[in-house]
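The structure appears right after this line, and notes come after that.
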Amino acid sequence: MRKQSILYKTLARALSIKRPHGGPAVEMFTKWLFGHTPVGVNAFFDACGNLHVDARVSPINRTLFVAHVDTVHCEEGPNKIRKTNGMWYAEGAPLGADDGAGCAMLMHLLCSGVPGYYLFTQGEECGGIGVKFVAKEFARLLCDFDRAIAFDRRNTYSVITHQGWGRCCSDEFGQALADAFNASDDSLMYMPDDTGVYTDTAEFTDVIPECTNISVGYALEHSDQESLDILHFVALADRVVHIDWDALPYYRDWE
């Protein structure tokens, strides 16, 4: 991984600090993300502290990318990380790859020029506080999107089709996205997965036809045994910038 890339810089920044919801650390990290958005894109904070980045360049750009900035830590402070060539581990506390890895993936997409709308949300670990605010206050904006993609799932293979109480995307969309991930890298083996629990995109299913959550390589999240498969994470990062997100199929009536 190139150490000066925005992917690495964001990941290292995110995992080095504990970011419980509502504290100065998560606010500082969100402002850091704002400060590293590309020049010329429309970036702003809403009243709940969510960071919106509108990088659409055409009416056909109808993809929403989502990650959350908070972690499950109960206190703030530096976070200790142990690194090997293939894995990053927590040392005495959650690693924070849930969802620091997702934030890094969004910044990588954004700074690679992938058009779309990027949303960095507050309070996902406290019941989706930020995204519920977006669903209520930005309902008309959400109608502009055909798909909402969160990068906030454990393991290395899931394209989530069901979250918590029901379906969040069609099987056709899930398979098409899995195929797009796997197309040119034998190390990626994504597949539709109906065992999702909850992440921010679950709040958009009444408005956005296809909502999913993508594995980014972390495991044992919310524990002091949390780890990140850095080789998978980098392979996924290499792939996501080559996907034609707006060419993916969508089906509004999939129930």
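The values are calculated or read from the model by the stated rules, or taken from the named source; none is laboratory data. Please read these numbers as outputs of a predicted model, since none were measured by experiment. All Cβ positions, even for glycine, are placed from backbone atoms using ideal geometry, and neighbour counts span all protein chains on display. The accessibility values were calculated without ligands, DNA or RNA, using every heavy atom of the protein model including side chains. Shrake-Rupley method; radii C 1.70, N 1.55, O 1.52, S 1.80 Å.
A few points about this structure:
- Residues of segment 143-172 that turn out to be within 12 Å of the chain's Cα centre (by Cα) and open to solvent by 10 Å² or more (accessible area, probe 1.4 Å), as a count: 3
- Total residues in segment 23-39, condition open to solvent by 70 Å² or more (accessible area, probe 1.4 Å) and over 16 Å from residue 107 (Cβ atoms): 2
- Qualifying residues in segment 55-102 (those that are open to solvent by 30 Å² or more (accessible area, probe 1.4 Å) and among the hydrophobic types (A, V, I, L, M, F, W, C)) - the one nearest to residue 213 (Cα to Cα): 72
- Some residue of segment 66-78 being farther than 20 Å from residue 224 by Cα and either in contact (Cβ under 8 Å) with a residue 40 or more places away in the chain or in contact with a strand residue (DSSP E or B) (Cβ under 7 Å, 6 or more places away or on another chain) (or both): yes
- Residue within segment 104-116 that is assigned to a strand (DSSP E or B) and touching a strand residue (DSSP E or B) at 6+ places or on another chain (Cβ under 6 Å) present: no
- Tally of residues being out of contact with any helix residue (DSSP H, G or I) (no Cβ under 8 Å at 6 or more places or on another chain) and either surrounded by 16 or more Cβ atoms within 10 Å (Cβ to Cβ) or closer than 25 Å to residue 120 by Cβ (or both) across segment 181-192: 1
- Those residues of segment 201-255 which are part of a strand (DSSP E or B), open to solvent by less than 40 Å² (accessible area, probe 1.4 Å) and not aliphatic (A, V, I, L, M), in sequence order: 210, 211, 212, 213, 215, 217, 218, 227
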